[in-house]
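For reference, the structure is listed below as structure tokens.
The values are calculated or read from the model by the stated rules, or taken from the named source; none is laboratory data. Just so we're clear, the structure is a prediction, and the values are computed from it rather than from any experiment. Cβ sites come from the backbone with ideal geometry, for glycine too, and all protein chains shown count toward neighbours. Accessible surface is based on the protein model in full, side chains and every heavy atom, while ligands, DNA and RNA are left aside. Shrake-Rupley method; radii C 1.70, N 1.55, O 1.52, S 1.80 Å.
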Amino acid sequence: MESPEHRAEPSFDATSVRRLPIEFTGSGGEYFRIWIVNMLLLLVTLGLYWPWAKVRRLRYFWGNTLVDGDPLDFHGEPGQMFKGWALVGVLFLLYNWAGSVSALADVVAFVALGLLWPALWRSSMAFRLGNTSWRGLRFRFVGSMREAYASLLPLFLVALPLVLLGLWVPDEPEAPAPDWVGWVFLGVMALAVCVLPWLLWRMKAYQHRHYALGPLQTDFRASVRAFYGLVLKPLGLVLLLVGLAVGLVVVQLGTGLEWPGKEMMGALAIVPLLLVLLVVFGVTPWWTARLQNLVWTKTGNSQMRFISRLSFRSMLWLSLKNGLLTAITLGLYWPFAAVAMARLRLEAVHIRSIVDLESLLAADHQRPAEAAGEAAGDFFGMDVGL
Amino acid sequence: MWAFEAVTAMHTSPRRLAVRYFDGRSSRAQAAVAWLHDGELYVLGPTVRLSVPAKQVRWPERTQRGPRVARLPEGGSLQSVDPAAWDAWLREAGRGDSAVVRLQQSWRAVFASLALLVLLTVAGYIWGLPWASREVAHRVPDSVEARVGEVVLAQLEGFTRPSQLTEQEQRAIEQAWEKVLAAHRAAEAARGVVLRPTRLLIRHSEDIGPNALALPGGAMLLTDDMVRLLQHDTRVIAGVLGHELGHVQHRHGMRMLVQVSVMGAASSLLWGDFSGILATVPLWLGQAHYSREAERESDAYSVQVLRASGIPPTVMVTLFERLALFERCGDEVLKAPAPDSPPSVPPAAAACKAPAPTGQGDEKGGRWGLGFASHPANEERIAFFRAAAR
């Protein structure tokens with residue numbers, strides 16, 4: 001084909017490259033109806049209906065995601081998901097309870113969760129992939145438990161000192177913490193910001209290297225450098241704006257005026273609000289679009305690959321429209337927003353393949369089915385896959 | 001399977017549907033025909049001929065959009081070529097939609113569901129939640145409430161100091177309150193009610209102004225400024241403490257805690273899908289609303305306390321007048337009264353020398369306890385205490 005990627009990818013033979021589009025055929029009106037009925041049943045059952053609601057939602061979104069004209073199908077069973085949900089609920093309660101008992105119990109709970117977390121993370125992906133099929137074939141997640149632990153270990157090591165520091169901060173607000181606590185805290189935070197892009201890269205690499213369908217398994221070729229760019233650009237922008245705001249105050253003071261008057265203070269109070277708005281309405285769509293493009297365009301193998309071309313402009317426009325209409329309608333627009341967002345993000349992706357995706361053969365048929373991980377992903381707001 | 005041809009030859013009447021069959025081992029589709037007969041699903045294609053009980057098939061739910069995929073027990077699946085024809089085929093074979101699907105596919109039913117949803121939410125919010133939190137709060141063991149009380153007290157100690165009143169002044173208040181409490185306790189005991197344990201803490205605070213708070217676990221906090229605002233009038237102070245005692249007896253602190261937790265869980269369940277900011281709005285509204293209810297309950301309790309020791313409930317009118325004065329004039333009101341002035345100067349007449357800067361009054365008393373914005377309007381409460389005196 002004619003695009004520049006082609007020249008950079010010698011493994012693609014121009015004569016036999018096929019382009020498989022991804023379409024999303026869901027409608028906001030229909031999802032609205034599913035959503036309202038789900039909400040009603042959730043309320044009537046005091047939340048126990050949740051796994052059934054979730055299966056209906058996923059089946060609707062999966063069934064309307066057409067890859068090369070054929071839909072995905074979600075196979076998860078609500079009964080099984082209910083068990084996972086209950087298990088994670090208990091874990092979550094235990095964790096919160098431990099935090100309220102004592103600082104030491106909090107640390108113990110954190111370590112325990114840290115030990116359990118990679119397993120839950122892995123099984124959530126195994127569950128989601130293993131319960132998704134296309135053209136009669138089940139997807140698989142083939143990442144091993146060991147690698148899951150290895151890829152999350154640095155994250156755990158960065159977070160642990162922060163939790164441990166909590167032990168030294170005295171409960172009495174009267175007695176100030178020793179000076180070094182503040183410095184260590186700052187140091188660890190700085191370290192966290194520095195290694196965060198790398199940690200994110202490790203997580204994404206683990207996920208995207210282990211998606212499989214039939215004999216095909218994906219690889220992940222994004223560089224760590226690209227992730228640094230992704231994190232540092234918006235961070236730099238926010239820091240620049242904060243710096244400007246602080247600079248403004250300093251100039252104001254430096255020119256010999258009095259301590260800022262009421263109007264000035266009012267203006268200053270708006271600055272954090274503007275920053276929040278900027279982050280929510282500007283940085284988030286930018287980040288979502290760039291991360292999706294980076295992660296998916298670098299996912300594939302020598303026979304097939306994904307290409308994602310999600311534009312920041314369309315993401316920004318849609319987020320603004322969705323946010324505004326959802327606010328105006330007191331949340332009733334939400335299902336329409338979710339459908340529009342899914343359409344935009346999915347249809348920005350297509351697949352290029354030199355193998356005939358019509359003649360894949362299933363690998364040995366395993367059915368990974370740990371619903372607890374899936375529920376964990378929900379509870380802690382983790383994004384799984386696209 | 002040996003009789004497949006023989007059996008299928010007999011099925012002349014059932015409608016046959018063109019489908020795509022996937023065997024679950026290869027991604028290649030086969031054009032096939034499917035029909036339902038006598039509770040069995042038959043599939044016939046170039047390399048497939050099978051029959052399975054229709055009950056064992058995972059039939060897809062009817063939607064407007066998207067193809068249909070039915071999953072067969074052995075891992076194969078059927079995919080629709082024409083969703084409309086598929087739906088008609090199943091309808092003809094007598095496989096109806098589930099109740100949920102019928103609801104989902106009708107706009108009328110969806111709007112009815114929405115109305116019901118709103119109705120249930122409002123009803124749960126107005127009646128269900130207060131009821132549930134009262135029930136839960138009354139079942140919380142005293143030891144747990146005491147622990148919660150300690151935590152809250154420890155936080156409060158952060159912005160309170162020991163009282164700056166003289167020991168004499170403090171003792172006068174404590175003794176007067178002991179007397180009122182004893183009379184009230186005796187009256188309650190006669191009705192077979194045992195009072196929850198309480199203790200009175202008099203504290204100085206720069207932050208919360210003239211105020212009185214009831215904490216979970218039974219501690220009642222009275223600020224120096226409140227004592228000064230009421231000009232050491234122990235009868236009015238008894239009314240204020242009676243009000244706080246009402247909070248303690250009704251376990252309002254625990255109820256609030258339970259409510260906030262339940263509201264938090266419920267709203268994150270309902271709206272968590274969308275946004276964290278939106279999720280906190282009902283929480284915040286709920287708090288303000290329920291504390292109004294609690295204040296009314298405690299006002300009524302205060303009247304009981306005052307009556308038991310023969311103090312007319314109208315003394316509470318003084319409280320609101322002094323609070324109003326404080327809102328207008330600020331800290332000036334808190335200065336010791338002229339020794340010759342009667343304990344409660346008609347405050348409406350008293351003009352402040354320098355009106356407090358706008359907003360100061362709100363800030364001083366606006367955040368906590370008695371001055372909290374969610375209290376029923378003062379006029380309403382004054383009328384209540386006046387009526388109680390009759």
| Looking at (1) more than 9 Å from chain A (Cβ to nearest Cβ); (2) in a helix (DSSP H, G or I); (3) free of Cβ contacts under 8 Å to residues at least 24 places away in the same chain, which is the only condition B:L103 fails? | (1)
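Do we find a residue being outside any loop (DSSP other than H, G, I, E, B), under 26 Å from B:A29 (Cβ atoms) and not hydroxyl-bearing (S, T, Y) anywhere in the range B:109-116?
No; the residues of the range B:109-116 include none that is outside any loop (DSSP other than H, G, I, E, B), under 26 Å from B:A29 (Cβ atoms) and not hydroxyl-bearing (S, T, Y).
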| Residues located in the range A:43-96, provided they are among the polar types (S, T, N, Q) and either at the interface with chain B (Cβ under 9 Å from one of its Cβ atoms) or open to solvent by less than 40 Å² (accessible area, probe 1.4 Å) (or both) | A:N64, A:T65
| message | One residue is enough: does the range B:34-52 have a residue meeting the conditions within 8 Å of chain A (Cβ to nearest Cβ) and either touching a Leu at 6+ places or on another chain (Cβ under 9 Å) or exposed (fewer than 15 other Cβ atoms within 10 Å of the Cβ) (or both)? | response | no
| Of the residues in the range B:124-146, how many are over 12 Å from the mean Cα position of the chain (by Cα) and either open to solvent by less than 70 Å² (accessible area, probe 1.4 Å) or not basic (K, R) (or both)? | 11
| Could we say that B:R58 is open to solvent by less than 70 Å² (accessible area, probe 1.4 Å), within 14 Å of chain A (Cβ to nearest Cβ) and closer than 21 Å to A:L58 by Cα here? | no
| field | Residue among B:R199, B:R235, B:R171 that alone is open to solvent by 20 Å² or more (accessible area, probe 1.4 Å) and free of Cβ contacts under 8 Å to residues at least 12 places away in the same chain | value | B:R171
| query | Could we say that B:V180 is among the hydrophobic types (A, V, I, L, M, F, W, C), in contact with a Ser or Thr (Cβ under 7 Å, 6 or more places away or on another chain) and surrounded by 23 or more Cβ atoms within 10 Å (Cβ to Cβ) here? | reply | yes
